[in-house]
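The values are calculated or read from the model by the stated rules, or taken from the named source; none is laboratory data. None of these values were measured; they are calculated from a predicted model. Virtual Cβ from ideal backbone geometry, glycine too; neighbours counted across all protein chains shown.
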Amino acid sequence: MHFSTLYLHCPVCGSDKFIQNNIKSKRCESCGYVYYMNPSAAVAAFILNDTGELLVCKRGKEPAKGTLDLPGGFVDDNESAEQAIVREIAEELDAKVIECNYKFSLPNQYLYSGLTIPTLDMFFTCKLESTENLKPADDVEDCWFVPINDLNPELFGLNSVRKAIGMFLETSKH
């Protein structure tokens, strides 16, 4: 559901004169408040083991529960993208990041509680202190390493991650 059909009243004054201002905002005709639905920042990591296999995770929660994913999540308030990916890997895998490098970003649409949230997903390559004894937690149901040649982007549930896996495969061929 698009935010414009969900948010019917102004969050400042409560007026029902909360109208569409443009594609990404609504404006209150009563108090003048303008609400913008800007993308939320999210992060994801490409993590390889010593044999060059990629770490994949099984999503434990909606959206796309049960599909493949990369470790990651949303950037918290007052947190950099680099801090977020380190925190998310610690939360989801009980692992310590020792190196983190930004790769690229992709837009995404993330369905949460019936609301479609635009996100800007930032992808990193990360090295862990150890790839042994990873412990799936938080919204990761399971995790394992997959040989690069066995990766199938269509098994990844989120559009941006599916596209990122395709891009990763393209660069891995060289």
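Can you tell me which residue in the stretch 29-64 is surrounded by the most Cβ atoms within 10 Å (Cβ to Cβ), limited to those that are of a type in the set (Phe, Trp, Tyr) and part of a strand (DSSP E or B)?
Checked the stretch 29-64; the qualifying residue surrounded by the most Cβ atoms within 10 Å (Cβ to Cβ) is 46.
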| field | Every residue from the stretch 117-145 that is over 21 Å from residue 100 (Cβ atoms) and surrounded by fewer than 16 Cβ atoms within 10 Å (Cβ to Cβ) | value | 118, 141, 142, 144
| query | Across the stretch 152-166, what is the number of residues that are free of Cβ contacts under 8 Å to residues at least 12 places away in the same chain and surrounded by 17 or more Cβ atoms within 10 Å (Cβ to Cβ)? | reply | 1
| Quick one: is residue 51 within 19 Å of residue 159 (Cβ to Cβ), modelled with pLDDT of 95 or more, of a type in the set (Val, Ile, Thr) and out of contact with any helix residue (DSSP H, G or I) (no Cβ under 6 Å at 6 or more places or on another chain)? | no
| message | Can you say whether residue 147 is over 20 Å from residue 119 (Cα atoms) and at pLDDT 95 or above, as far as the supplied structure shows? | response | yes
| message | Condition check: in a strand (DSSP E or B) and surrounded by fewer than 13 Cβ atoms within 10 Å (Cβ to Cβ). Does residue 107 satisfy that? | response | yes
| query | Does residue 171 qualify as being β-branched (Val, Ile, Thr) and surrounded by 14 or more Cβ atoms within 10 Å (Cβ to Cβ)? | reply | no
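From 99, 88, which residue is among the acidic types (Asp, Glu), in a strand (DSSP E or B) and assigned by TED's automatic domain parsing to the domain that holds residue 156?
Result of the check over 99, 88: 99.
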| Taking residue 161, is it part of a helix (DSSP H, G or I), touching a Pro at 6+ places or on another chain (Cβ under 9 Å) and not basic (Lys, Arg)? | yes
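Working only within the stretch 58-117, note down all residues that are among the polar types (S, T, N, Q) and either within 12 Å of residue 44 (Cβ to Cβ) or in contact with a Leu (Cβ under 8 Å, 6 or more places away or on another chain) (or both).
Scanning the stretch 58-117 gives 67, 105, 108.
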